[in-house]
Amino acid sequence: MTKKAENVKEIVSSKRMVSTKRLMSPKRITALLMTGILLMTAAGCGNAGTQGDGNSQPENTQSQTVESTQAQQENNNTQSQSTQAKQGSAPESEMTAAQDTGTAANGDSNILVAYFSWADNAILEENVDAVTSPSVIAPGNVQELAGWVQEQTGGDLFSIRVAEPYSSDWDECLSRANDERGEDARPELVENVENLDRYDTVFLGYPNWWYGVPMALLSFLEENDLSGKQVYLFCSHGTGGLADSVDIIEEAISNAEISDNVFDCYEEDASSSQDEIQSWLGELGY
């Protein structure tokens, strides 16, 4: 290689080194790095903006959606409770009224269950003897029978009560009952049946007193017209059985339809006669 050629080569090499140095200068490197960072930041912001416009929801939008869903659920629950209140159970006051049969007829049934019971017509004295006077302690014999009749028939209960109660001493009660029978008395009653016309069937319960009926029962039959009504009798008695009680009642309400199918039980068996009286009611179609 000639000397001239070598000089040309050195000049070209020298220019390349100068160019390379200029490209790799600190200022140019810093500028390139800043440009790269700006480009990456811009690209990242663009991607984030695209994602935000697409799938994700802003935080306040999500909160509003959740609150709207909860409000709708609460509204549905309120409507459901309102519907249940209308279609479900009756108010407490109505339920209490429906369950409380009381001692006076006040329902909507066409069946009346009227009864006379010593337990409803005596003031208990202190130290009353539950052995000699068991039927005066509630529920009395006839009172308990009447309750079972009411349960199975759905009738309205009516307790025949005298204005002047009897003694809770059995002997004294019998003595007064005998006097009333001898005098053919009609003891004054506390009340009579209201709206008697709505009943077409009457179950009449009583004890056998002095081989007949308590005179208060006749007071009831004379003050409450049972003409044309179907009457079924049930009786609690001692060793005398029904005695003349049915005949006395038939004479008192001759215009009523009195069934020959009469239920009776001994007074000491009354409290265990639920199955028997329910079977009797079944025979009658109840």
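The values are calculated or read from the model by the stated rules, or taken from the named source; none is laboratory data. Note that this is a predicted model, so its numbers are computed, not measured. Neighbour counts are summed over all protein chains in view; Cβ atoms, including those assigned to glycine, are modelled from backbone coordinates with ideal geometry.
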Has segment 101-110 got any residue that is at pLDDT 90 or above and either assigned by TED's automatic domain parsing to the domain that holds Phe203 or surrounded by 22 or more Cβ atoms within 10 Å (Cβ to Cβ) (or both)? yes
Considering each of Leu242, Leu226, Leu218 in turn, give the residue that is under 39 Å from the mean Cα position of the chain (by Cα), in the same structural domain as Arg176 (by TED's automatic domain parsing) and not polar (S, T, N, Q). Leu226
What do you reckon, is Ser272 farther than 22 Å from Asp200 by Cα, small (Gly, Ala, Ser) and at pLDDT 95 or above? no
Restricting to segment 183-229, count the residues that are at pLDDT below 95 and among the aromatic types (Phe, Trp, Tyr). 3
Show the residue pairs meeting these rules: Cβ distance below 7 Å; 6+ apart or different chains; first residue within segment 155-170 and assigned by TED's automatic domain parsing to the domain that holds Phe220; second residue surrounded by fewer than 20 Cβ atoms within 10 Å (Cβ to Cβ) and assigned to a strand (DSSP E or B). Ile160/Leu189; Arg161/Leu189; Val162/Leu189; Ala163/Leu189; Pro165/Ile123; Ser168/Ile123
